[in-house]
Amino acid sequence: MSGPLFSPPCVPVSQAVDALTRRGFAVLDAETVRGWLGSASTELKALGPLWDTLPLDNHLKDGGHYRRRRHGSLMVSDSHLQEVAHRAHWQPLEYNALHGGMERWFEPLLPAFTGNAAWRMLLQLLGRLTSELKGPQPWYAEAHQFRIDTQGGIGRPTPEGAHRDGVDLVAVFLVCRHGIKGGETRVFEADGPNGQRFTLTEPWSVLLLDDARVIHESTPVQPLVSGGLGWRDTLVVTLRARGFQDEVPGSEVSDAVSAG
């Protein structure tokens with residue numbers, strides 16, 4: 001049996017900043033995200049198939065082969081998006097005890113993704129929301145396409161456990177759940193006893209996190225049918241002030257921003 005699914009505490013987009021301020025997180029259901037996107041929402045359908053060809057994540061220290069991903073970086077400022085030359089993903093050990101302290105190079109986002117109108121509008125909207133929450137400024141954004149599958153019997157969306165990401169805002173969009181049980185989201189106060197658990201099930205619903213206020217994790221996924229193949233697709237976007245996380249702070253800011 002897959003067990004009970006706890007419904008997420010969704011709010012309208014007009015209350016997202018208030019929810020982030022009060023409790024450190026907000027959830028928008030799929031209908032709300034589509035309304036937020038306006039006419040660009042019609043382009044969401046074109047994004048889904050791009051998860052079917054993600055390359056393996058070859059950096060998993062637990063030896064697993066359950067995660068596939070692509071990664072890209074951009075700058076968001078006053079609704080303007082600036083492409084950044086492809087760069088490694090890096091986190092300090094204090095935020096990722098398992099994979100921190102190492103450069104992880106992933107295959108870049110495909111042009112069909114970066115040029116999609118829905119994606120570009122989502123990034124602009126996330127930039128505006130983060131500026132409303134933290135104050136207007138340029139945002140250094142990283143995007144991760146993830147597929148966690150059950151090919152080995154179990155897949156771990158957050159092998160590092162409950163964590164923070166060392167950024168200002170985290171957005172976790174559910175893109176697809178197929179043939180799985182598990183994948184429950186858990187959000188806890190970073191400096192308190194309270195927490196909440198729920199499961200995102202609607203494609204393009206989103207969890208928004210004030211990363212300074214909360215820690216988060218997702219539970220492992222298993223196949224609904226023994227021996228079957230299932231997967232959980234997500235799009236994770238992080239926004240950070242004053243530069244990307246980098247082993248040598250600031251080293252890529254002047255060099256990696258493309259001239260275009």
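Of all residues in region 139-172, which are outside any loop (DSSP other than H, G, I, E, B) and within 21 Å of VAL214 (Cα to Cα)?
So the first thing to find is which residues in region 139-172 are outside any loop (DSSP other than H, G, I, E, B), and the list is 139-149, 155, 163, 169-172.
Passing the criteria: TRP139, TYR140, ALA141, GLU142, ALA143, HIS144, HIS163, LEU169, VAL170, ALA171, VAL172.
When the residues of region 45-60 are narrowed to those that are in contact (Cβ under 8 Å) with a residue 60 or more places away in the chain and assigned to a loop (DSSP other than H, G, I, E, B), which ends up nearest to VAL237 (Cα to Cα)?
Of region 45-60, the ones in contact (Cβ under 8 Å) with a residue 60 or more places away in the chain are 46-48, 50-51, 54, 60.
Those still in the list that are assigned to a loop (DSSP other than H, G, I, E, B) too: 54, 60.
On the way: LEU54: 17, LEU60: 20 Å.
The selected residue is LEU54.
Yes/no matrix, rows are residues, columns are (1) in contact with an Asp or Glu (Cβ under 7 Å, 6 or more places away or on another chain); (2) closer than 15 Å to GLN196 by Cα; (3) crowded, with 16+ Cβ neighbours inside 10 Å:
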| site | (1), (2), (3) |
| --- | --- |
| LEU5 | no, yes, no |
| LEU20 | yes, yes, yes |
| ARG34 | no, no, yes |
| SER39 | no, no, no |
| LYS45 | no, no, no |
| TRP51 | yes, no, yes |
| ASP57 | no, no, yes |
| GLY63 | no, no, no |
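Going by the structure shown, is GLN124 of a type outside the set (Val, Ile, Thr), farther than 30 Å from GLY227 by Cβ and part of a loop (DSSP other than H, G, I, E, B)? Before the answer, list the steps.
Details: of a type outside the set (Val, Ile, Thr): yes; farther than 30 Å from GLY227 by Cβ: yes; part of a loop (DSSP other than H, G, I, E, B): no.
Answer is no for this residue.
Is it the case that some residue within region 193-201 is under 15 Å from the mean Cα position of the chain (by Cα) and buried (at least 23 other Cβ atoms within 10 Å of the Cβ)? Yes, region 193-201 contains a residue that is under 15 Å from the mean Cα position of the chain (by Cα) and buried (at least 23 other Cβ atoms within 10 Å of the Cβ).
Residues VAL13, VAL17, VAL27: which one is hydrophobic (A, V, I, L, M, F, W, C) and more than 26 Å from THR158 (Cα to Cα)? Before the answer, list the steps.
Working: VAL17 fails: more than 26 Å from THR158 (Cα to Cα); VAL27 fails: more than 26 Å from THR158 (Cα to Cα).
Selected residue: VAL13, the only one of VAL13, VAL17, VAL27 that is hydrophobic (A, V, I, L, M, F, W, C) and more than 26 Å from THR158 (Cα to Cα).
Which one is farthest from the chain's Cα centre (by Cα), of the residues in region 75-89 that are outside any strand (DSSP E or B) and either surrounded by fewer than 19 Cβ atoms within 10 Å (Cβ to Cβ) or at pLDDT 95 or above (or both)? Restricting to residues being outside any strand (DSSP E or B) and either surrounded by fewer than 19 Cβ atoms within 10 Å (Cβ to Cβ) or at pLDDT 95 or above (or both), the top hit is ASP78. Among the residues of region 202-225, those that are hydrophobic (A, V, I, L, M, F, W, C) and in contact with a strand residue (DSSP E or B) (Cβ under 8 Å, 6 or more places away or on another chain) comprise TRP204, VAL206, LEU207, LEU208, LEU209, VAL214, ILE215, VAL221, LEU224.
Considering GLY161, GLY152, GLY135, the condition of being surrounded by fewer than 22 Cβ atoms within 10 Å (Cβ to Cβ), modelled with pLDDT of 95 or more and not basic (Lys, Arg) is satisfied by GLY135 alone.
Per-residue answers, yes or no, for (1) of a type in the set (Val, Ile, Thr); (2) modelled with pLDDT under 95; (3) in contact with a strand residue (DSSP E or B) (Cβ under 8 Å, 6 or more places away or on another chain); (4) within 28 Å of THR201 (Cβ to Cβ):
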{"position": "TRP36", "(1), (2), (3), (4)": "no, no, yes, yes"}
{"position": "GLY48", "(1), (2), (3), (4)": "no, no, yes, yes"}
{"position": "HIS59", "(1), (2), (3), (4)": "no, yes, yes, no"}
{"position": "GLY63", "(1), (2), (3), (4)": "no, yes, no, no"}
{"position": "PHE106", "(1), (2), (3), (4)": "no, yes, yes, yes"}
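The values are calculated or read from the model by the stated rules, or taken from the named source; none is laboratory data. Not measured: the values here are computed from a predicted model. Note that each Cβ is placed from the backbone with ideal geometry, even for glycine, and that neighbours are counted across all protein chains shown.
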